[in-house]
1. Kindly indicate whether LEU83 is surrounded by 14 or more Cβ atoms within 10 Å (Cβ to Cβ) and within 16 Å of VAL133 (Cα to Cα).
2. Looking at (1) in contact with a Pro (Cβ under 8 Å, 6 or more places away or on another chain); (2) hydrophobic (A, V, I, L, M, F, W, C); (3) surrounded by fewer than 15 Cβ atoms within 10 Å (Cβ to Cβ), find the lone condition where VAL23 falls short.
3. Taking SER41 as meeting all but one of (1) closer than 26 Å to THR14 by Cα; (2) touching a strand residue (DSSP E or B) at 6+ places or on another chain (Cβ under 8 Å), write down the number of the exception.
4. Just name the residue that is nearest to LEU136 (Cα to Cα) out of those in region 29-45 that are buried (at least 21 other Cβ atoms within 10 Å of the Cβ) and touching a Lys or Arg at 6+ places or on another chain (Cβ under 8 Å).
5. Could you tell me which residue of region 86-110 is surrounded by the most Cβ atoms within 10 Å (Cβ to Cβ), considering only residues that are farther than 18 Å from VAL126 by Cα and among the charged types (D, E, K, R)?
6. Just checking, how many residues over region 1-40 are modelled with pLDDT under 90, aromatic (Phe, Trp, Tyr) and not in a strand (DSSP E or B)?
7. For GLU17, are the conditions met, namely being charged (D, E, K, R) and loosely packed, with under 14 Cβ neighbours inside 10 Å?
8. Look at ASP48 and say whether it is acidic (Asp, Glu), at pLDDT 95 or above, surrounded by 14 or more Cβ atoms within 10 Å (Cβ to Cβ) and farther than 20 Å from LEU136 by Cβ.
Amino acid sequence: MKFLLKENLDFLNTLKEDGKKIVFTNGCFDIIHVGHIRYLSKAKELGDILIIGLNSDESVKKLKGEDRPVNCFEDRAILLSSLRFVDSVIIFEEQTPDNLIKQIIPDILVKGGDYKLEDIAGYQTVTENGGQVKTLSFYDGYSSSNYINKIKKP
């Protein structure tokens, strides 16, 4: 498995010293779909190491409602970590990954195109440390919520 604990991030300093570019993104990734695959693949192209901050079940529930997540953290993490372009999956309990980003200090922070750069959690930390914050194309119609609603329709 490619799961990491927040306490075991020291190796990232070694990777950075070796000139590796760290890319970070985050999300709930409740039901993995083609929009996620396209997005994560493009995110990996921006650097050498792709780390995903994955919302805990409790933080997904706070963000998305009592019926979410559909898939538990472990299942979501296994699915994400099985993708060849994902190097690590790290859980975070809060509603935003600000604290995790402060620990990682990625070279590139990436979110979907439906975000304004300055509104992205971690924007200030990354830019103050010489990193870049980027948005990638958002694929209309591809969202876990859309799939859940489609399944619920009679």
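The values are calculated or read from the model by the stated rules, or taken from the named source; none is laboratory data. The structure displayed is predicted, hence computed values, not measured ones. Cβ placement follows ideal geometry from the backbone for every residue including glycine, while neighbour counts extend to all protein chains displayed.
1. Here the answer is no, as LEU83 does not meet what is asked.
2. (3)
3. (2)
4. In this case the residue turns out to be PHE29.
5. ASP87
6. Residues that pass the stated criteria total 1.
7. In short, yes.
8. no
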